[in-house]
Amino acid sequence: MESGTLLYEGKAKKVFATPDPNQVVQYFKDDATAFNAEKRGTIFNKGIVNNKISVRLFRLLEDAGITTHFIEQLSDREMRTQHLKIIQIEVVVRNRATGSLVKRLGFEEGMVLDPPLVEFFYKNDPLGDPLITEDHIRLLQLATDMQVAQLRQSALRINEILTPFFKDKGMMLVDFKLEFGDSNGQLILADEISPDTCRFWDIQTGERMDKDRFRKDLGRIEETYQEVLKRVCA
């Protein structure tokens, strides 16, 4: 499919218009950012890896009854998706304590969270994507109460699908971020699911297999992304 005007460029992707106003092309970049873009760099072939992993996982979720924006893979770096109005809320599901949760609440690193914790963040780069409550969402008019309940329910259902999938691949799904769009009142999973948006730990070694390797200067970044791709698509 021919792609046209650049509609949006974010930290990890570009979105292009297509001849069909209801569809767009999502192009995955190699750019890497952390700490609200205070740290920047490049991870070689990250865009290819994240596109292929997202395709595999969107198909897995679709087969399990989750509606996603994915239509088809166009190339190593591109997928065709529905054109959605993105809800300005990032939904984070946490199965274990790490990252900002440890810093905010003093939980022990790796502590199991049972049941899984769902958090909402305001998708706003200038503000640093702050943590928000349901009252904040209501005040900012980001979503209705019913939509918030649906976001939580969908996120937990996705967690139920992905957790055993990754366990079978020798990976622990520690936490992950989701974004959703609205299409005529229906909430649809959008964005991507990849080592950029998830935290994975190797079940046997505890080795981090995600963008924390870039955040924390752990090395072997490209090799680890390739290993995740190999396991996910095996």
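We did not get these values from a lab; they are worked out from the coordinates using the rules stated. Computed from a predicted structure; not experimentally measured. Counting neighbours? That spans all protein chains shown, and the Cβs are built from the backbone with ideal geometry, glycine included.
Couple of notes before you dig in:
- Here the peptides 158-164, 121-127 are ranked by packing, the mean other Cβ count within 10 Å, and the order with the highest first is 158-164, 121-127.
- Distance-filtered residues of the range 13-38 - backbone nitrogen under 12 Å, label point 7 angstrom along C233 Cα→Cβ: none
- Structural size metrics of the range 18-124, computed from C-alpha coordinates, are Rg and Dmax of 16.8, 51 Å.
- Applied to the range 117-130, the Karplus parametrisation 6.51 cos²θ - 1.76 cosθ + 1.60 on θ = phi - 60° returns per-residue 3J(HN,Hα) values of 8, 10, 10, 10, 10, 6, 6, 8, 4, x, 8, x, 6, x Hz, with x for Gly and Pro.
- About its Cα centre, the dipole of the chain is roughly 340 debye, where the only charges are +1 on Lys and Arg Cβ and -1 on Asp and Glu Cβ.
- Relative contact order of the range 129-215, pairs being alpha-carbon contacts under 8 Å that are 6 or more residues apart, as %: 20
- For the residue pairs K167/K230; K11/K211; K13/K211; K13/K103; K29/K85; K39/K211, the alpha carbons lie more than 20 Å apart in K13/K103; K29/K85.
- In plain terms, the C-alpha convex hull of the chain casts an average shadow of 12.6 nm² when viewed from every direction.
- Positive-end residue, the chain charge dipole about Cα centroid, Cβ charges, pick of L142, S154, P195: P195
- Full extension of the chain segment joining A34 with A149 gains 38.5 nm, where the gain is 0.36 nm per residue of separation less the Cα-Cα distance.
- Paramagnetic label reach from F107 (point 7 Å along Cα→Cβ; backbone nitrogen cut-off under 15 Å): within the range 162-193, residues 173-177.
- Relative contact order [Cα under 8 Å, 6+ residues apart], the chain, whole percent: 18
- Near the amide H of K29, within less than 5 Å, lie the amide hydrogens of K13, K14, all on another chain or at least 5 residues away, with H placed in the peptide plane.
- Unit charges at the beta carbon, dipole of the chain: most positive-side option, Q26, T163, G219: G219
- Whole-Å distance, taken between Cα centres, linking the range 7-29 and the range 165-213: 21
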